[in-house]
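Everything on this sheet refers to the single structure shown next.
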Amino acid sequence: MIDFTKRWLMSAMSALGFVSANPAAAQLDTSSFAEELKDFPYEFITVDGAMAEAEWLRLTTAGRGWPVVVGGDDNLRIMAEVFAFNSEDPNHTPAAILKAAEAIKFPEDLKAWHDAYDLSVMEKDFVGEWPTDLEPYDLGISVATDIADCLGGIAGNELTGKFLPKVHIVLVPTDKSWETPAYLKWGGGNECPPAEYHVARLKLWHENFGADVAGMSGDVLNLRVRKPVQEKAEAIAVAKEQFLYCSDIVLQGTNDIATLAATLVGQRYWYFWWNYAPGD
């Protein structure tokens, strides 16, 4: 039996040299990037990494906005930099992003945006065979672990999946989790869709599966799913949607859609990772 989900997640990051055997070593004092945070408009709180999920759950009903776990200091800095970079266009406001999202239809518009894989080609080349050797694994909020806090890592060391000593949770001024990419101006760069596509896609997954944004870093997105997929056919259909949205989780992760689908059955968290440098 293979703990495949954990293995492919860690190996994908390790293959790129994004590793950290000592999470504490990657931490920074926020004073070292105070300039980046100066224009970041949202409140954030800091908690022990092991408490991130419990605190996130508490904050979802606290009436302080939607909580988004962004990980350690490096990831908070990157989120602030992405916000600043995407704010250079004065017309790129949360309101404008949300309005643009209303007109987006799936899968047609997403395929048109990045000339994505045609569904027939995808089914022929990437579906694969349903695996029989997977063990259940709860991904949790990966941005609260050293898997996501990779920027200060040292190549050659093994990712542990351990919680970071501290993580930051940004409070976004909305009660709709799918709107958080608009407020954070998150997305855009290589195959990572612009913010309005994230908003539109996440809204549909929220309506269909109760999926809510739980974690977000410069290139990672964690969704908490209240109604996980349970059947093979449904899992395949959702995996195809996920591949169209984020092909790297297959092309640089599970290698085929069937394996991705198998990891989704009963899974409380969905994981997305785009291989790009934010702002590219």
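The values are calculated or read from the model by the stated rules, or taken from the named source; none is laboratory data. These numbers come from a predicted model, not from an experiment. Heads up, the Cβs are rebuilt from the backbone with ideal geometry, glycines too, and the neighbour counts pull from every protein chain shown.
Tabulated data for the structure shown
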quantity: Residue within segment 56-64 that is surrounded by fewer than 18 Cβ atoms within 10 Å (Cβ to Cβ), closer than 23 Å to Thr263 by Cβ and modelled with pLDDT of 95 or more present; calculated: yes
quantity: The listed residue being at pLDDT 80 or above and not in a helix (DSSP H, G or I), out of Pro136, Pro131; calculated: Pro131
quantity: Verdict on Phe83 being assigned to a helix (DSSP H, G or I) and closer than 16 Å to Pro194 by Cβ; calculated: yes
quantity: Residues of segment 85-118 satisfying the condition of being farther than 18 Å from Trp205 by Cβ, in contact with a helix residue (DSSP H, G or I) (Cβ under 8 Å, 6 or more places away or on another chain) and at pLDDT below 85; calculated: Tyr117, Asp118
quantity: Cβ pairs under 9 Å, 6+ apart, first in segment 157-168 and under 11 Å from Asp146 (Cα atoms), second among the basic types (Lys, Arg) and at pLDDT below 95; calculated: Gly161/Lys6
quantity: Filter result for Phe40 (modelled with pLDDT of 90 or more, assigned to a helix (DSSP H, G or I) and of a type in the set (Phe, Trp, Tyr)); calculated: no
quantity: Answer residue from segment 212-229, given it is modelled with pLDDT under 95 and part of a loop (DSSP other than H, G, I, E, B) and is surrounded by the fewest Cβ atoms within 10 Å (Cβ to Cβ) among those; calculated: Asp219
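Residues are listed down the side, and each one gets a yes or a no for (1) part of a helix (DSSP H, G or I); (2) at pLDDT 95 or above; (3) hydroxyl-bearing (Ser, Thr, Tyr); (4) buried (at least 20 other Cβ atoms within 10 Å of the Cβ):
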| site | (1), (2), (3), (4) |
| --- | --- |
| Lys240 | yes, no, no, yes |
| Phe243 | yes, no, no, yes |
| Gly253 | yes, no, no, yes |
| Trp270 | no, yes, no, yes |
| Ala277 | no, no, no, no |
